[in-house]
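In what follows, a structure is listed as structure tokens, so that the remarks can point back to it.
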Amino acid sequence: MLKKIKTLLLMSLLSFTVSSVCAQDAESFVDNLLSKMTLDEKIGQLNQYNGDWGATGKITPDGDKEKQIREGKVGSMLNVTGVDKTRKLQEIALQSRLGIPLIFGQDVIHGFRTTFPIPLGETASWDLALIEKAARIAATEAAAYGIHWTFAPMVDIARDPRWGRVMEGAGEDTYLGSKAAEARVHGFQGKGLGNIDAVMACAKHFAAYGAAVGGRDYNSVDMSNRQLYETYLPPFKAAVDAGVATLMNSFNDINGVPATGNSFILRDILKGEWNFKGFVVSDWGSIGEMIPHGYAKDEADAALKAIIAGSDMDMESRCYKNTLQKLVETGKVPVSIIDDAVKRILLKKYELGLFTDPFRYCNAEREKAQTNNAEHLKFAREAGKKSIVLLRNKNNLLPLNKNTKTVAMIGPFAKATVANHGFWSIAFDDDSTRIVSQYDGIRNHLDKNSVMLYAKGCNENDNDRKGFAEALRIAQKADVVIMSLGEGPAMSGEARSRSNIHFSGVQEDLLKEVAKTGKPIVLLINAGRPLIFNWAADNVQAILYTWWLGTEAGNAIADVVFGDYNPSGKLPMTFPRTEGQIPIYYNHYNTGRPAKDNNDKNYVSAYIDLQNDPKYPFGYGLSYTTFDISNLQLSSSKMTADGKITVSVDVKNTGNYDGEEVVQLYIRDLVGSVVRPVRELKGFTKIALKKGEMQKVIFELKSSDLKFYNEKVRYIDEPGDYEIYVGNSSAATLKGAFELVN
Ligand code: BGC
């Protein structure tokens, strides 16, 4: 009924019929609609309110939200989930004078009903098709629950594991991060907006949020424009090139100007240089936060600075709603700026098909079909096992034999269920019987005659040692002990910066005690960031880095522990030896006094009390088999400026298992008009080889791959000598060389 009334309203107010709307091209439809809108209604489109779910910032009292929606004062809602709720609010929106539908947004970060590995963990798969598919499934589920828009992917480059939000991104590397950004945007947006299972993606947080000083969330960022362009912006550019519909501001200031009010990054770069046609949403309350930043004196000043800079939609600060009208009326904000922002938003509503059918994402049947979806669970297991990184396997303790007589499982995460989701999973199927714990996963793989023992041992983050005795007692009885340790699932994520990134609580003490029994230990490390665990790394026989793997964590881990799947993950971040090495990343500069090796302290760039190299380098990860990478050949020792060369290597599986290897290509530009990193990732490929099998892997390297930003922030390549390294981590030693000639 409501829909009918609405159609009539649209017909009379806009002189359109619904079918003629479909035939119109987006621009003219939106221009026409815009011409009918009052200033108040326009400002309404720029206003986004929170619905149900937990706030990540201050909530300003709204008065009656439904009334405001009915008055056309709200353009979008976040955190309203489910077809019933979204339908209800959409019906109210359609009662507004022009009946402009709402967009519903939500943080669909690593899955929706089915939870996939945290994005950092999933990136450890180095499997772009897998990353895209996980986003596709998440979008399909979210769209079925009434969601039009996800606030993902997070594409912030992060070189500081103290920062809790490293879990949300793709790690430290610009090249890998750009590829992951592209894959995730394609995954979320599917075949394009307008398709029923597409959700708008949102590349966030623009920009440089990952470089917050000291890894402390929301902190300032101070960096050269060259660094910004070269390291932090490319994943955003990749997202824009992939057609991302929206971007989100970041909370930080960049060189003294908050990102939300930063016209250099929003107007000049994003909407100017990159010609971005979508819209920009603020981060939660970030427009109002320009006041405590000391960049705006009050709400009106904040709104003025944000809208002029190019922030189109106000998430939860109310500054636009409260002050824009007056700012326009007094001539401080030209109405053309408002029109531009509104138009960007309306165009996306049009592209989503909401003017044709505002309820197209409100189908209860579809919602049901995307709940407890067995196919999706199957894929979550696949994604889980491919994200695990084998860090150590002394004497080939892994894979374990399924007939092992007695296995003891110890640790605060062994029997956890929901914890496996990690942070930022807010809409998962909460039927906890659906989540197989790590303990159950292991149990299900073991022979039925094997005995499995369990002790929690300790809590995730306190000083209670009362459980140690029981843990030791069962360890004594076991042939092998599996310990599930790490940091708590809510110890990484937003506002979860840590200054100490060791195992939390007394977990390491428990590990040391259990190790004294002399029993072989398989250590599973649950974490949302690189942790520091030197003692374990040097003493425990086998270590699997399992991040937070999502709904199917238990099964995925067991698949790897027992060798049903041979691990193939590679670290997307450098793992430090101590917090004192942070920030640490593989693509640093050489400096004028590089240390020869770890022992060189003779007036070189080193710590006198610490070696320079990390505990584990970027790109590192073992397999149950071994791979030999050799015979590096270049098609030519010279590359012309518009040309390319091919680089080939032979990769052989020399061990006893079939397996997968991520073959990585790095370059070094030896002399530049600005200094260049000691290594830069420029290509990778993941291949599967049967034992004994050999394959030639060929990379193509183009002169455009050698480009960088010079001192004047111009993107150029420079003739000169380059080194190439190919191998299975950033520490690869197989080397070649070529010259880029004019
Ligand atoms: C986060 C964003 C998120 C938003 C909405 C903010 O606190 O920084 O990443 O999308 O909340 O939940």
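The values are calculated or read from the model by the stated rules, or taken from the named source; none is laboratory data. None of the values given here were measured: they were computed from a predicted structure. Counting neighbours? That spans all protein chains shown, and the Cβs are built from the backbone with ideal geometry, glycine included. The accessibility values were calculated without ligands, DNA or RNA, using every heavy atom of the protein model including side chains. Shrake-Rupley method; radii C 1.70, N 1.55, O 1.52, S 1.80 Å.
Side notes on the structure shown:
- Residue ID - farthest from ILE131 (Cα to Cα), chosen from residues in the range 161-181 that are among the charged types (D, E, K, R) and within 16 Å of the ligand (Cβ to nearest atom): ARG165
- For the range 454-493, a residue qualifies if it is in a loop (DSSP other than H, G, I, E, B) and open to solvent by less than 10 Å² (accessible area, probe 1.4 Å), and the qualifying residues are GLY457, CYS458, ALA478, GLU487, GLY488, SER492, GLY493.
- The listed residue being at negative phi and over 27 Å from the mean Cα position of the chain (by Cα), out of VAL678, VAL726, VAL674: VAL674
- Candidates in the range 228-245 are the residues that are part of a helix (DSSP H, G or I) and within 16 Å of the ligand (Cβ to nearest atom); of these, the one that is nearest to PHE708 (Cα to Cα) is PRO235.
- Residues that are of a type outside the set (Ser, Thr, Tyr), outside any loop (DSSP other than H, G, I, E, B) and within 16 Å of the ligand (Cβ to nearest atom), drawn from the range 187-227: PHE188, MET200, CYS202, ALA203, LYS204, HIS205, PHE206, GLY210, ALA211, GLY215, VAL221
- Scan the range 447-490 for residues that are under 20 Å from THR406 (Cβ atoms) and without any contact (Cβ under 8 Å) to a residue 60 or more places away in the chain and the total you get is 18.
- The single condition from (1) out of contact with any Pro (no Cβ under 9 Å at 6 or more places or on another chain); (2) within 16 Å of the ligand (Cβ to nearest atom); (3) within 30 Å of ASP357 (Cα to Cα) that ARG184 fails is (1).
- Test: residue in the range 306-322 that is more than 15 Å from the ligand (Cβ to nearest atom), out of contact with any His (no Cβ under 9 Å at 6 or more places or on another chain) and aromatic (Phe, Trp, Tyr): yes
- Screening the range 271-302 for residues that are open to solvent by less than 40 Å² (accessible area, probe 1.4 Å) and of a type in the set (D, E, K, R) and picking the one that is nearest to the chain's Cα centre (by Cα) gives ASP283.
- Test for PHE618: is it under 27 Å from LEU689 (Cα atoms), at pLDDT 95 or above and open to solvent by 10 Å² or more (accessible area, probe 1.4 Å): no
- Checking each residue in the range 325-351 for being touching a strand residue (DSSP E or B) at 6+ places or on another chain (Cβ under 9 Å), open to solvent by less than 10 Å² (accessible area, probe 1.4 Å) and over 18 Å from SER96 (Cβ atoms) picks out only ALA341.
- Checked against the criterion of being open to solvent by 40 Å² or more (accessible area, probe 1.4 Å), over 22 Å from ARG679 (Cβ atoms) and not in a strand (DSSP E or B), the candidates GLY554, GLY563, GLY580 yield just one match: GLY580.
- The listed residue being over 27 Å from GLY272 (Cβ atoms), open to solvent by 20 Å² or more (accessible area, probe 1.4 Å) and over 29 Å from the mean Cα position of the chain (by Cα), out of ASN322, ASN372: ASN322
- Residue tally, condition in contact (Cβ under 8 Å) with a residue 12 or more places away in the chain, aliphatic (A, V, I, L, M), part of a helix (DSSP H, G or I) and more than 16 Å from the ligand (Cβ to nearest atom), over the range 246-299: 4
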